[in-house]
Amino acid sequence: MSFDLRLFNGDIKVTNGVLEKVSGTEKLVQDLVRAFLTPKGSSKFYPEIGTLVGDVIGRNYPDDVTMVKIEDSFKDALRFLINKQEKQLVVQNLDSGERILQILSVRAERPSSDPRQINDFVAIVTDSGDVIERSFKIAQDASVFVAKSNSSTFSTEGGFV
């Protein structure tokens, strides 16, 4: 998803009238968060991007079924990004730090301290050989999903393309 504009809380970040850009691993993490928080089918440009997190959280599924559905949905989003990156390489140069070479693991778990929250752990290898491991805490606050990755917070409330 080769948007190189830095997003902050769902909006394009502007500092002193200048659009901020993002690249490499930082861009890849931004792309991951966007893909994980976008409801599947909601993008008019890429209806296949996104996850089913919103369809799964709050349903009366057994916990193990919920975790498998979320993990599968995250893996689908990662595979979509890999496919999209391969197509982009035909027409544009992508930094090797923002290209996914391999999915190492995807794991979802519900912490006993807050059953409304789901922690997702993703490990991938970039084309530059870096191993990127990130955890995403996803919680539903009313009808808005919030994900926290490291020190950044992202929300579906701001909307995504």
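Fewest-first ordering of S105, S112, S43 by other beta carbons within 10 Å of each residue's beta carbon gives S112, S105, S43. The Rg/Rh ratio of segment 7-156, with both radii computed over alpha carbons and Rh defined as the Kirkwood radius, is 0.97.
Each residue in T38, T66, T25 was given a count of other beta-carbon atoms within 10 angstrom of its own, and listing them fewest first yields T25, T66, T38. If both residues of a DSSP beta bridge must be in segment 7-156, then about 95% of such bridges are antiparallel.
Considering only S43, G24, I124, the residue lying farthest towards the positive end of the dipole of segment 7-156 is S43, judged by Cα position with unit charges set on Cβ. Using C-alpha pairs below 8 Å separated by at least 6 residues, the relative contact order for segment 47-112 is 37 percent. The order of T126, T15, going from fewest to most other C-beta atoms within 10 Å of their C-beta, is T15, T126.
A short reminder: the numbers here are calculations on the coordinates, not readings from a lab. Since the structure is predicted, the reported quantities are computational estimates derived from the model, not experimental observations. Because the Cβ atoms are built from the backbone with ideal geometry, glycine has one as well, and the counts that use them run over all protein chains shown.
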